[in-house]
Amino acid sequence: VKITYPTGGEGFVPGEYERIHWDAFGTQGTFSIRYSINDGFSWIQIADVAGDKRMLDWQVPNVVSSRVRLLVQRGSLSSMTEFPLSIAPLPKDIKVDKVCPSSMTISWTPANDTLASDVYLLGNKYMEIVGNTASTTLTFPIQNGGAEKWVSVRARSNNGLAGRRAIAVKWSGELKD
């Protein structure tokens, strides 16, 4: 038995569905699918799945944790996610508040008032972290304030929690006071 998704490091959102995938030989018996929010110290049953199936749609629980593991077990064979994954709500209402020639200020509604946030800006090819804050606003340097920009935010914490990044917001490129 081998879990193929998730493998760890992913950021999941409470209430959303994630499809767990695994590989295994044979079709006999059933698979027991479980999750842990404390790095495998204790397990919570998700479902038992017929031996001919290799996936399960899991509704992510309403918790916040950076130490989530998944376990797929059939008989004495089992597989656990290689690394922990995170569960955290998404930041919402991302807004561009101010754009100057050399800086940009954005704000958002936090995912959870106890979590900090990473702020992203689209670089040449990828979204890149331009700062992190415990606040709900951040001003960061940019080049060419009159050019189109894409920004996003994700929940984070100092204990390794890294939530999924919210869908990016496009700024068309004009300056804004």
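The values are calculated or read from the model by the stated rules, or taken from the named source; none is laboratory data. No experiment lies behind these values; they were computed from the predicted model shown. Please note: Cβ atoms are built from the backbone with ideal geometry, for glycine as well, and neighbour counts cover all protein chains shown. Surface accessibility is based on the protein's heavy atoms, side chains included, excluding ligands, DNA and RNA. Shrake-Rupley method; radii C 1.70, N 1.55, O 1.52, S 1.80 Å.
Before moving on, here are some points about what is shown:
- Which numbered condition Phe31 misses (of (1) open to solvent by less than 80 Å² (accessible area, probe 1.4 Å); (2) over 30 Å from Gly146 (Cβ atoms); (3) in contact with a Gly (Cβ under 8 Å, 6 or more places away or on another chain); (4) not in a strand (DSSP E or B)): (4)
- Residue that is nearest to Leu115 (Cα to Cα), among those in region 18-45 that are touching a residue at least 24 places away in the same chain (Cβ under 8 Å) and aliphatic (A, V, I, L, M): Ile37
- Any hit, region 116-128, residues being within 21 Å of Phe12 (Cα to Cα), in contact (Cβ under 8 Å) with a residue 12 or more places away in the chain, assigned to a strand (DSSP E or B) and of a type in the set (D, E, K, R): yes
- Pairing each residue of region 1-14 that is more than 15 Å from Arg74 (Cβ to Cβ) and open to solvent by 20 Å² or more (accessible area, probe 1.4 Å) with any residue that is part of a loop (DSSP other than H, G, I, E, B) and among the small types (Gly, Ala, Ser), provided the two are 6+ apart or on different chains, yields no C-beta distance under 7 Å.
- Verdict on Ser103 being among the small types (Gly, Ala, Ser) and surrounded by 15 or more Cβ atoms within 10 Å (Cβ to Cβ): no
- Asn159 meets each of the listed conditions (1) surrounded by fewer than 18 Cβ atoms within 10 Å (Cβ to Cβ); (2) within 27 Å of Ile3 (Cβ to Cβ); (3) modelled with pLDDT of 95 or more apart from (3).
- Of all residues in region 132-161, those that are free of Cβ contacts under 8 Å to residues at least 60 places away in the same chain and closer than 26 Å to Glu10 by Cβ have Cβ atoms under 7 Å from Cβ atoms of residues that are surrounded by 14 or more Cβ atoms within 10 Å (Cβ to Cβ) and basic (Lys, Arg), 6 or more apart or on another chain, in Asn132/Arg156; Ser152/Arg165.
- Some residue of region 95-102 being in a strand (DSSP E or B), under 22 Å from the mean Cα position of the chain (by Cα) and within 30 Å of Gly145 (Cα to Cα): yes
- Residue match in region 56-75 (condition: part of a strand (DSSP E or B), modelled with pLDDT of 95 or more, exposed (fewer than 15 other Cβ atoms within 10 Å of the Cβ) and out of contact with any Phe, Trp or Tyr (no Cβ under 7 Å at 6 or more places or on another chain)): no
- Within region 144-177, the set of residues being out of contact with any Cys (no Cβ under 8 Å at 6 or more places or on another chain), farther than 30 Å from Ser66 by Cβ and either small (Gly, Ala, Ser) or part of a loop (DSSP other than H, G, I, E, B) (or both) comprises Asn144, Gly146, Ala147, Glu148, Ser172, Gly173, Glu174, Asp177.
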